[in-house]
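Derivation of every value follows stated rules applied to the coordinates shown; laboratory data play no part. Since the model is a prediction, treat every value here as computed from it, not as a measurement. With ideal geometry, Cβ positions are generated from the backbone for all residues, glycine too; neighbour counts draw on all protein chains shown.
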């Protein structure tokens, strides 16, 4: 069952197509990565999901149907730009934002206390939001997004401004949400965190869907451009190898376009190179992201 279905959605602003015939689905209860470079169309796509923008073409199905006022209370959205009121105390800010989602003051107080303790903000709840550090404000915004216990959670750059301890705390929180059946959509430029957390991803560039699927599927689609070799002898120069990179006692051989790993293996064996290890290197998401954005291919 899908929590979100985007089908052939297009949204233009003047002559610029911010989203261009995009189609993808987000399964209920999964942690899904929505990726792309700056200006790729991610935010416009989210705004079409949330009915902030109306698509010029295509359809959006969210939580089983079209957006409604009732459904908005079942969704939590944390934009990249902070949306907290700066000149009021944190606890009052949370109370007001919770009331917009239909929570009573008692419900906000009960739910926020646990989060404030967990995020080390309890001692700062009487401070004005503007007096909090960047990291504290980021944690406060996450709390505000979760107070009404949404079924669909969309978080844009939730790790911005966080130190490693708080980054781990937010990672644990997102995993907990998924385990509780919440659908989580994560937008982030930190590819290592996306790889660690997400079940599936979509990558958008210039408004178009460039990649869509599980991380394992995508990495295998881009394999073959490098091999890992470990040998007790120096490696000879080989045709088809663009460059050699030392990696933890082995060598990563980056191949020219068109060169095949099997050919490299045959040449090494023919030259009598003793091999302790030879395997195709699966690229990480950072590498794939760069290759796609630089125009080296589309897999969707």
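Helix 164-179: angle to the longest alpha-carbon principal axis of the chain, degrees 0 to 90, nearest 10?
80 degrees
At a Förster radius of 30 Å, what calculated FRET efficiency corresponds to the Cβ-Cβ distance of residue 293 and residue 133, to the nearest 0.05?
0.40
Can you tell me the 0 to 90 degree angle between the C-alpha axis of helix 134-146 and the longest principal axis of the chain, rounded to 10?
70 degrees
In what sequence do 179, 107, 263, 69 fall when counting other Cβ within 10 Å, fewest first?
Taking fewest neighbouring Cβ atoms as first place, the list is 69, 179, 263, 107.
Compute the long axis of helix 90-100 from its Cα atoms, compare it with the longest principal axis of the Cα atoms of the chain, and write down the angle in degrees, 0 to 90, nearest 10.
The answer is roughly 80 degrees.
Using the number of other C-beta atoms within 10 angstrom as an exposure proxy, rank 15, 257, 59 with the fewest first.
15, 257, 59
Once you put a point 7 Å from the Cα of residue 57 and another 7 Å from the Cα of residue 237, both along the Cβ direction, what distance in nm separates them?
So the two model labels end up 5.2 nm from each other.
Hull surface divided by four, with the convex hull built on the Cα atoms of region 224-281: how many nm²?
3.4 nm²
Quick check for you: which residues of region 70-105 have the amide N under 16 Å from the point 7 Å beyond the Cα of residue 126 toward its beta carbon?
88-93
In what order do 88, 292 fall by count of nearby beta-carbon atoms within 10 Å, going from fewest to most?
88, 292
Counting helices only, and only those DSSP H runs with n ≥ 4, report the 222 nm mean residue ellipticity of the chain as the sum of -39,500 (n - 2.57) divided by its residues, in deg cm²/dmol to the nearest 500.
One gets -9500 deg cm²/dmol as the mean residue ellipticity at 222 nm.
Taking the Cα atoms of the chain alone, what are Rg (to one decimal) and Dmax (as a whole number) in Å?
Both quantities, over Cα of the chain: 23.2, 76 Å.
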